[in-house]
1. Normalised by the residues of the range 269-435, what does the relative contact order come to in percent, with Cα pairs under 8 Å and at least six apart?
2. Could I have the simple spin-label model distance between Asp125 and Lys390, label points 7 Å from Cα toward Cβ, reported in nm to one decimal?
3. Could you give the radius of gyration (one decimal) and Dmax (whole number) of the Cα atoms in the range 269-435, in Å?
4. Please go through the residue pairs Lys298/Lys374; Lys114/Lys280; Lys298/Lys332; Lys126/Lys280; Lys124/Lys280 and name each one whose alpha carbons sit more than 21 Å apart in this structure.
5. Subtracting the Cα-Cα distance from 0.36 nm times the residue separation, let me have the gained length for Asp85 to Ser371 in nm, one decimal.
6. Going Cα to Cα from Lys390, which lysines come in below 20 Å? Please leave out same-chain ones fewer than 8 positions away.
7. Could you give the length gained on full extension between Ser315 and Asn437, defined as 0.36 nm per residue of separation minus the Cα-Cα distance, in nm?
8. Would you give the gap between the C-alpha center of the range 227-244 and the C-alpha center of the range 302-329, rounded to a whole Å?
Amino acid sequence: MRKAGEEGAGQAMAIVFLALCLSSASTFASADQNRRRPQPSPPHEAAKDRFPSSVSIGRTSSAVFPLYGNVYPNGLYFASLRIGDPPRPYFLDVDTGSDLTWVQCDAPCVSCSKGPHPLYKPEKDKLVPCVHPICDSLQAVASTPSHTGEAQRPHCDSPNDQCDYEVEYADQGSSRGVLISDTFSMHFVNGSLLRPRLAFGCGYDQQLYGNDAPSPTDGVLGLGLGKSSIMSQLREHGLTRNVMGHCLGRRGGGFLFFGDDLVPTSGVSWTPMSGRGLRKYYSPGPANLFLGRQLLGKNFEVIFDSGSSYTYFSSRPYEIFLTLMMRDLSGKQLKVASDDRTLPLCWRGAKPFKSIGEARKYFKPLTMAFSQGKRALLAIPPENYLILTKHGSLCLGVLNGTEVGLKDLNIIGDISVQDVMVVYDNEKEQIGWARANCERFPRSAGSSALPSPPPGFPVPEHLPSLRPSFHAASGSEEMVARGVSAGHPHHHHHPGGL
């Protein structure tokens, strides 16, 4: 993985965290004769009962989690979830752009970065069989038609085969492992402490942050639309409604919630989720994009992605945006800061800026006007597309997505939804947003002040980011698959192949 920082604009581009599930599979061959075979494990229960919830409640509620991190300099927001018995904390990168949650795992580990916590240690009786519906959903994603037009769907040689997965990221990072289930300890707003058993990835082979670089988190919290996402599983257990939201603080921190108890009853702009080709992502459909009152582009396809630190426009609207902005700044007391390489384009004033507000008068707001539903507007003020660097410069947090392989796709990243509550209502298939003070923890969650960051979180200058470009899963006979059969090569993809 590359990190967004002073190392250069090219590295900054790589911070795109988008988890786009594309149309080909990289599967593990269960008939590979070169792999070790473990001793047979006890027979599994029927697949549908493989990991039932360890709790039940009379009505659905909501779970709330503090978020930590920021757009700059950390480059990500993460939640601390407690997994296992006894419960142990794991820092997970919040990602609405991918489905599968995974943690670094000692299975044993083939390639893992040093993370903030010890590796998760799996037990064989927690393996999810490849015939389980969640594994089947991963296989369905993996087996969509390839460039040959013929789907090559993985299969199970035995009902007790494990479920292997592989996730590849847009910046060429990856995680490979096996699907397991364990308990997640969660506090609900109705006062309950529940421990549902959920499926997630035990990642024993990661290529994420370089060979020796430490990992800022223990894994990824997948919150996409697929059956394997934590959100979908909680809904399946009857613990929450299939509604989720996040509120990212401009000065850092925030909160994440599952369920609809915290959704505001008024003041929310709603738009239907797109029914077009982007349906498997959180897309509010096409929008018209404006800088001030000037039109930058029409029918602008948009995706919300909490894993992208910055916002990405495709080439044409990006170039128009840049041209109009530079024209507006002409003659103003701002100069391009070519020596500040935090992001591709930065400016400095007569003296170092102490806040973005000092330069707000030089920049116009961006607005996205969505054509579906009630024509909702998403206002993006300068504070939500600029960052203030440690050098006192202002840098543009909107990047050219086409240059990093996103083609015509446009990403609303974390920077543009700071101090905005974003709600993903999968029950009603709509996305909503409202201005909010994300530094205040919801009162219904028991406190109005955000908790302090958990101990052990490293805060380096810049943190790398990751995004899957496709998921794959298949049955296997070995808990640790150390290789891929020559008959099933990897297929490397870039985002944008929708």
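1. Relative CO of the range 269-435 lands at 33 percent.
2. Result: 4.9 nm between the two label points.
3. Rg then Dmax for the range 269-435, in Å: 16.0, 52.
4. Lys114/Lys280; Lys298/Lys332; Lys126/Lys280; Lys124/Lys280
5. 98.1 nm
6. Partners within reach: Lys3, Lys335, Lys351, Lys354.
7. Stretched out fully, the Ser315 to Asn437 stretch lengthens by 40.6 nm.
8. 33 Å
The values are calculated or read from the model by the stated rules, or taken from the named source; none is laboratory data. Remember, predicted model here, so these are calculated numbers, not experimental data. A quick note on method: Cβ atoms are made from the backbone with ideal geometry, for glycine too, and the neighbour counts reach across all protein chains shown. Ligands, DNA and RNA are excluded from the accessible area calculation, which covers all protein heavy atoms including side chains. Shrake-Rupley method; radii C 1.70, N 1.55, O 1.52, S 1.80 Å.
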